[in-house]
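The next block holds one structure in the form of structure tokens; read it before the comments.
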Amino acid sequence: MATDTASEVLDYLNMHHEEQVAFLKKLVKLESPSHDAGSQKKILQLLGKKLEELHFFVQFIPGSETGGHLYARPQNRDRGKPLQLLLGHCDTVWKKDTLKEMPIAERDGKLSGPGVYDMKAGLTQMVFALKAIKELSLETALTPLVLINSDEEIGSIESRHAIKRLAKICERAFVMEPPLGLEGKLKTARKGLGRFTITVTGKAAHAGLDPGKGINAIVELSHQVQRLYAMNDFEKGITVNVGTIQGGISPNVVAPESKAVVDVRVLNKEDGKSITKKIYGLRPTMADVKIRVEGAMGRPPMERTPRNQKLWKLARAKALLLGLELEEATAGGGSDGNTTSTYTATLDGLGTTGDGAHAHHEFIFSEQLPKRTALLTLLLLSDSIKE
């Protein structure tokens with residue numbers, strides 16, 4: 001029975017491959033930079049319309065500084081059924097009019113364009129997986145809920161509360177971020193992310209007339225940078241990167257202030273707590289200098305918990321029915337899967353194989369779109385309690 005369903009779903013999606021590609025191109029043409037709220041509304045409206053055609057109730061939640069997010073659920077749902085979450089984002093890192101220098105193109109089996117891989121292919125899969133279930137009259141054991149936000153690339157600051165709320169009531173979450181590498185590995189672990197700002201306050205003085213009366217904040221910061229760098233532990237997956245520094249007023253003034261912004265990534269919560277404590281424990285090496293530390297760990301790590309691994313094994317089994325041999329991987333970057341994983345079983349990287357996230361060669365392998373959509377469809381049809 002499982003094999004028959006897999007074949008039926010894959011056959012349906014192969015027949016609708018051109019329709020999928022056309023819809024994906026339409027999404028890519030609707031350029032949607034994270035900081036352009038107006039562009040976000042257009043693409044969310046298109047996605048909402050497609051979901052309404054599939055008999056979903058759609059609600060748009062406006063944002064204060066972003067384009068807000070879309071929430072959808074089946075119009076006629078069995079309230080006794082458990083829930084599952086389909087999660088994606090419609091914002092991209094690309095500025096408006098990037099299409100002029102990065103036009104949509106199809107060549108050598110690749111479909112390229114800004115946002116096609118990260119993650120408008122994933123949004124296309126989401127829509128067509130639900131479309132396949134409806135048109136093939138298939139029944140899901142868990143009711144699918146949909147959340148599409150417009151601020152993932154800038155930290156999901158406004159949508160994170162909604163993501164947490166839905167994750168808490170859902171049995172599992174499927175995150176439609178692109179898979180890892182040309183092998184299309186699913187992401188079963190992600191590093192947690194933190195952002196810290198170190199501000200050093202010294203004392204200004206004329207660099208020529210009274211240099212001894214000054215306290216150079218840049219010199220103090222240079223000592224702190226070395227301390228921060230020493231916190232790296234690559235074997236444990238801990239990275240501490242001083243990404244930007246600034247300071248001083250003029251070449252002829254002893255710098256009274258300097259600042260560094262630090263990116264921290266860890267594989268587990270314990271390391272996040274430990275590094276946070278170390279950063280907040282930084283002390284001056286020079287007399288009469290003040291150090292102020294701000295920031296925290298933001299997205300928690302997505303760890304290989306037993307429930308996440310159970311979902312991964314389910315995906316691997318379903319993939320075999322489609323002739324796919326999947327591998328799992330750890331991603332250094334974060335996603336909304338980091339958030340859902342804290343509250344429910346989560347599987348990330350379910351988008352279409354390709355390459356070039358945030359890069360000018362961004363693309364997907366077009367022929368893999370139906371098969372990856374079929375995998376998502378089978379996962380949505382699965383009974384997580386029995387399998």
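Do you know which of the residues in the range 185-233 that are among the basic types (Lys, Arg) and more than 23 Å from the chain's Cα centre (by Cα) is surrounded by the fewest Cβ atoms within 10 Å (Cβ to Cβ)? Ranking the candidates gives 213 first. Could you grab me the full set of residues in the range 234-253 that are more than 16 Å from residue 334 (Cβ to Cβ) and surrounded by 14 or more Cβ atoms within 10 Å (Cβ to Cβ)? Of everything in the range 234-253, those that are more than 16 Å from residue 334 (Cβ to Cβ) and surrounded by 14 or more Cβ atoms within 10 Å (Cβ to Cβ) turn out to be 242, 245, 247, 248, 253.
Quick grid of which residues meet (1) part of a helix (DSSP H, G or I); (2) open to solvent by 10 Å² or more (accessible area, probe 1.4 Å):
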| residue | (1), (2) |
| --- | --- |
| 295 | no, yes |
| 304 | no, yes |
| 340 | yes, no |
| 367 | yes, yes |
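Scanning the range 8-42 for residues that are in contact (Cβ under 8 Å) with a residue 40 or more places away in the chain and more than 22 Å from residue 111 (Cβ to Cβ) yields a total of 6.
For the range 342-365, which residues satisfy the criterion of being more than 18 Å from the chain's Cα centre (by Cα) and open to solvent by less than 20 Å² (accessible area, probe 1.4 Å)? Scanning the range 342-365 gives no hits. Output yes when any residue across the range 122-131 is buried (at least 17 other Cβ atoms within 10 Å of the Cβ), farther than 17 Å from residue 48 by Cα and in contact with a strand residue (DSSP E or B) (Cβ under 9 Å, 6 or more places away or on another chain), and no when none is. There is no residue in the range 122-131 that is buried (at least 17 other Cβ atoms within 10 Å of the Cβ), farther than 17 Å from residue 48 by Cα and in contact with a strand residue (DSSP E or B) (Cβ under 9 Å, 6 or more places away or on another chain). Summed over the range 254-270, residues that are surrounded by 16 or more Cβ atoms within 10 Å (Cβ to Cβ) and without any contact (Cβ under 8 Å) to a residue 60 or more places away in the chain total 5. Scanning the range 84-136 for residues that are basic (Lys, Arg) and either outside any helix (DSSP H, G or I) or on the phi > 0 side of the Ramachandran plot (or both) returns 95, 96, 107, 110. Checked against (1) basic (Lys, Arg); (2) exposed (fewer than 14 other Cβ atoms within 10 Å of the Cβ); (3) touching a residue at least 60 places away in the same chain (Cβ under 8 Å), residue 73 passes all but condition (2).
Got at least one residue in the range 39-46 being more than 19 Å from residue 115 (Cβ to Cβ) and outside any loop (DSSP other than H, G, I, E, B)? The answer is no; no qualifying residue exists.
Cβ-Cβ distances below 6 Å connect the following pairs, each with a first residue in the range 274-290 that is open to solvent by 70 Å² or more (accessible area, probe 1.4 Å), a second residue that is polar (S, T, N, Q), and a separation of six or more residues or different chains: 290/201. Looking across the range 47-70 at every residue that is part of a loop (DSSP other than H, G, I, E, B) and open to solvent by 40 Å² or more (accessible area, probe 1.4 Å), the one that is modelled with the lowest pLDDT is identified as 65.
The values are calculated or read from the model by the stated rules, or taken from the named source; none is laboratory data. Keep in mind the model is a prediction, meaning the values are calculated, not measured. With ideal geometry, Cβ positions are generated from the backbone for all residues, glycine too; neighbour counts draw on all protein chains shown. Heads up: the accessible areas ignore ligands, DNA and RNA and are worked out on the full protein's heavy atoms, side chains in. Shrake-Rupley method; radii C 1.70, N 1.55, O 1.52, S 1.80 Å.
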